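These notes concern the structure reproduced below.
Read the figures in this text as sums done on the coordinates, not as results from a lab. These numbers come from a predicted model, not from an experiment. Positions of Cβ are backbone-derived with ideal geometry, glycine not excepted, and every protein chain shown enters the neighbour counts.
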Ligand code: PLP
């Protein structure tokens, strides 16, 4: 069967979720206090308790929103050592920077003033909702030390928007994503100078905004208390695997996400249950699981990355294909979006020695991938996400057989290489990408 481009009507709605329109919709569902009065009349069936407080006289007043301008700062007096590049401590992913952001929310008082404070442990009651009912979600982004000496975030507003979608999915409170972004920027501005020194261009810190319900009530119910925190962690680079990544296709008895579930949200509940399969894959010498779904083995994602394939159709058309977001079993990755947008705008005509590509988001199966490989039509595959960045895939093990994926020069396929180089240029402020709108420059303190 040759692949065809399908863009169902619901695509537009689904892919708008991280946009301003999508966020406005999400806020309507989660934080009615932010709405203009007219919007309150909309027929929304799954609203949480309206975030207002009622005075003795019976008048309802909106509860305070998350407000970055109220930030209270307490600076660390015993600064933490920075682990050396390539050290075991850095690889352990345990080291965090000197400070963290915290903000508390309750259903009766709304959001309290956020704090920037020394990095340290949290205090939770054993009954805390997140420990029992997976009321936790998070984001993953990076702070980059550019080759031009500047500190940058990459499209951070999209991460903050996605965080709101995730909190919505698991009954955590809403917040204005732009306020979260201001808090992230402040933390990066405070810790960036020391933890990403200017003499180490090309380095990065991993940013982990997280929200947990720390409501100390064991009943299974919507949480009435929550904690938002943001930490900066030292991570090793993960896109330098020699000879390409090896994937193990998931077995029939396990899937990562399903229609009606929460695969589209970045909730902790998606990750814990995937670790058995990931551990087995690693023990067998693979790097990640290629998650399939359903009896026809639809290809969805690779580990915590979106999966892309470049193939030629039987008619000879070159296509860049990735799973669509329509069924909401795939995360709307910021890297995925960026790869699609770059490919649509720059690879729709010949680029240097590369032929133009058709860019397609659609459901596709392992059988199609397998056929393309056996008929010599498979050009390259790569995984794309914040942690793994753009990682060429060399090998997919599927139901007892090995599918060998071409990797260009032995390290990276040509399309993978050019897409990665454009993203890298924007993230690290390289020559030719200065001032790109996706790079959010941080003023250091
Ligand atoms: N898919 C999953 C399941 C992920 O956890 C991630 C990482 O966040 C991605 C895809 C890639 O998303 P992004 O590019 O926003 O990092």
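Assorted remarks:
- Distance between modelled label sites at residue 276 and residue 434, nm, 7 Å Cα→Cβ extension: 5.5 nm
- For the pair residue 242 and residue 315, a Förster radius of 35 Å applied to the C-beta separation gives a FRET efficiency near 0.50, rounded to the nearest 0.05.
- Model label sites at residue 112 and residue 295, defined 7 Å from Cα along the beta-carbon direction, differ in position by 5.4 nm.
- Quotient of C-alpha Rg and 2.2 N^0.38 Å, computed over region 221-335: 1.24
- For region 60-124 versus region 293-335, the gap between their alpha-carbon centres in whole angstrom: 36 Å
- Burial order of peptide ranges 100-106, 209-215 (average beta-carbon count within 10 Å, highest first): 209-215, 100-106
- The angle between the Cα long axis of helix 414-427 and the main principal axis of the chain comes to about 30°, on a 0 to 90 degree scale.
- In terms of the mean number of neighbouring beta-carbon atoms within 10 Å, the peptides 158-167, 317-326 order highest first as 158-167, 317-326.
- Label point 7 Å beyond Cα of residue 346 along Cβ direction - residues of region 385-413 with amide nitrogen under 14 Å: 390
- For the chain, radius of gyration divided by Kirkwood radius, i.e. Rg to Rh on alpha-carbons: 0.97
- Here, P(r) means the percent of Cα pairs in each 10 Å bin from 0 to the largest distance; for region 104-231 it is 12, 39, 31, 13, 4, 0.
- Region 245-412: radius of gyration over Cα atoms, expressed as a fraction of 2.2 N^0.38 Å: 0.99
- Degrees, to the nearest 10: 20-30 long Cα axis against longest axis of the chain: 50 degrees
- Distance from region 417-445 to region 173-227 (C-alpha centre basis), Å: 22 Å
- Nearest 10 degrees, 0 to 90: helix 334-346 Cα axis against the chain principal axis: 50 degrees
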